[in-house]
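The values are calculated or read from the model by the stated rules, or taken from the named source; none is laboratory data. Remember, predicted model here, so these are calculated numbers, not experimental data. Every residue, glycine among them, receives a Cβ derived from its backbone with ideal geometry; neighbour counts consider all protein chains shown.
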Amino acid sequence: MAIITLTTDFGLKDHFVGALKGSIYKELADAKVVDISHAISPFNIHECAYILKNSYKNFPKGTVHIVGVDAEPTPENQHIAVLIDGHYFISANNGVVGLIASEIMPEKVVKIDIPNPEHGSFPVLDVFVKVACHIARGGTLEVVGKTFAELKELVEDAPSVTDNGNRIVGSVAYIDNYGNVVTNIHKNFFDAYRKGRDFELNARTAAIKTIHNKYSDIVNFSIEKGKRAGAGSLLALFNSANFIELAIYKSDRHTVGGASNLLGLEYRDTITINFL
């Protein structure tokens, strides 16, 4: 029995997530259902794609991923089922799957066409669950739809290089639950242009000259506690997805603040790296 994951912008206050899980268990009593996130910002396609791209590979091949963001069908937002990298994605054709497929070519894409579909306001429940359970039972994509070649592609913000290779201009791609600021500057991209040079990362008024590999690297444990950096210190690191991230060490954004609000950074704000 395949795992079925849920990624939505439903939140947890309302009945939607519970109804989804109940509907899955009604069809497959022994189903394995995993929540990836229900806190996607409403209708935020890029945020949804970022979270899915950095989580789905940790599941076994054959996992079925239900994507409940901007799922209402329209002539321009068709329901699709896609096989990518051995994983199944059930989604609307709103760009989420296109962003995931930007690096890996889909193996199969079908436009969902199931008998007697519901046409209500909860298509994730009415359509996606049925398709996901069919696949989890071992069913094929050909049974739920016809081959589809119009996968919507969105332009993913990418960093640029200016000043004859001496400056990288990136942006804020995602802000996590801790208020940490994830940029769109990947380690491989940074290393390719750094070429061993010193650098200065600038974000608003902050200037950082070191990028760590983990959060606690900001602390020099050989120095007595009162004289070393620690909780509340600003740092940059390569996060688990290998993107440059700005963080406040051991900070709570709901009390003292996280990097996003303390630096005044929001989605798509500019981050620059100058090589010295």
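Identify all residues within the stretch 43-63 that are in contact (Cβ under 8 Å) with a residue 60 or more places away in the chain and assigned to a loop (DSSP other than H, G, I, E, B); write none if there are none.
Scanning the stretch 43-63 gives ASN54, GLY62, THR63.
Looking at the stretch 185-208, can you tell me whether even one residue there is surrounded by 14 or more Cβ atoms within 10 Å (Cβ to Cβ), of a type outside the set (A, V, I, L, M, F, W, C), under 25 Å from the mean Cα position of the chain (by Cα) and in a loop (DSSP other than H, G, I, E, B)?
no
Does SER171 meet the test of being in contact with a Pro (Cβ under 8 Å, 6 or more places away or on another chain), in contact (Cβ under 8 Å) with a residue 60 or more places away in the chain and not acidic (Asp, Glu)?
Judged against the criteria, SER171 is a match.
Need a quick list: strands (runs of 3 or more DSSP E) entirely within the stretch 101-167 having at least 2 residues that are surrounded by 15 or more Cβ atoms within 10 Å (Cβ to Cβ).
108-112
Looking at the stretch 213-225, which of the residues that are surrounded by fewer than 16 Cβ atoms within 10 Å (Cβ to Cβ) and touching a residue at least 24 places away in the same chain (Cβ under 8 Å) is nearest to the chain's Cα centre (by Cα)?
Within the stretch 213-225, the match that is nearest to the chain's Cα centre (by Cα) is ASN213.
Just to check your reading of the model, which residue among ILE40, ILE66, ILE36 is within 15 Å of the chain's Cα centre (by Cα), part of a loop (DSSP other than H, G, I, E, B) and surrounded by 17 or more Cβ atoms within 10 Å (Cβ to Cβ)?
Of the residues listed, the single one that is within 15 Å of the chain's Cα centre (by Cα), part of a loop (DSSP other than H, G, I, E, B) and surrounded by 17 or more Cβ atoms within 10 Å (Cβ to Cβ) is ILE40.
Of all residues in the stretch 226-276 being in a helix (DSSP H, G or I) and free of Cβ contacts under 8 Å to residues at least 12 places away in the same chain, which is nearest to PRO159 (Cα to Cα)?
In this case the residue turns out to be LYS227.
Just a yes or no: is a residue in the stretch 187-202 closer than 20 Å to GLU266 by Cα, in contact with a helix residue (DSSP H, G or I) (Cβ under 8 Å, 6 or more places away or on another chain) and assigned by TED's automatic domain parsing to the domain that holds LEU265?
no
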